[in-house]
């Protein structure tokens, strides 16, 4: 099959519109993962075993099961128990929860990398716990984890095609729908690959600049 530029230009607006759904899902899921990942990291460091151990078990369970199964569980199983949410919200929740468990380990490594002297100095000043974490520990812990967070953002973007399995018309799902009507897969899949490549490169450059900016500070 020969690549048809007129056909590619004809379907390009629809695919670009679908890419906005992909980007929206990625950014919303990343926001969930960044916040929830930090919460999980802090809970896993709790001094009480009844908080620390269940949190660790949940993290390991989610990390050890496929993302696609988690998407299906949230979309198909939770409504059986009365928890009904919009389809896009299901996808965002699944992606956010899945990657939150990975980011929690990244955060935990960053927190443990803070020099012990910083902890002791802050405690010697009798700082309240929330000030210790906000002003002393987290600013130092976040800097070294920026590259890993950027990598997970790119990985999450590349996992968004799984959302098509629950009927979300993101980029790949729209491309396959178009191809099923015309039986031309070359052009839509080529455009999809190009969009994914451009977004991944832009995200990578942004993460590197943010890392350099933090290093300079």
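Coordinate-derived values only; no laboratory data. All figures in this text were calculated on a predicted structure; none of them were measured in a lab. Here Cβ is always computed from backbone atoms with ideal geometry, including for glycine, and neighbour counts include all displayed protein chains.
The table for this structure:
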item	result
GNM flexibility winner over the chain from 57, 18, 203 (Cα, springs under 10 Å)	57
In nm, spacing of pseudo-spin labels at residue 213 and residue 61 (7 Å Cα→C-beta vector)	3.9
Percent RCO, i.e. relative contact order, over the chain, from Cα pairs under 8 Å lying at least 6 residues apart	31
Surface/4 of the Cα convex hull for the chain, nm²	15.3
Radius of gyration and maximum dimension Dmax of the stretch 110-171, Cα, Å	18.7, 55
Label-to-label distance, nm, for residues given as residue 176 and residue 52 (7 Å Cα→Cβ offset)	4.4
Least to most buried among 63, 84 (fewest other Cβ within 10 Å first)	84, 63
Backbone N under 14 Å from the residue 10 label point (7 Å along Cα→Cβ), restricted to the stretch 154-192	178-188
Between 0 and 90°, nearest 10: helix 146-159 axis offset from the chain longest Cα axis	30
Length released on extending from residue 135 to residue 200, taking residue separation times 0.36 nm less the Cα-Cα span	20.2 nm
Value at 222 nm in deg cm²/dmol, rounded to 500, when DSSP H runs of n ≥ 4 in the chain each add -39,500 (n - 2.57)	-24500 deg cm²/dmol
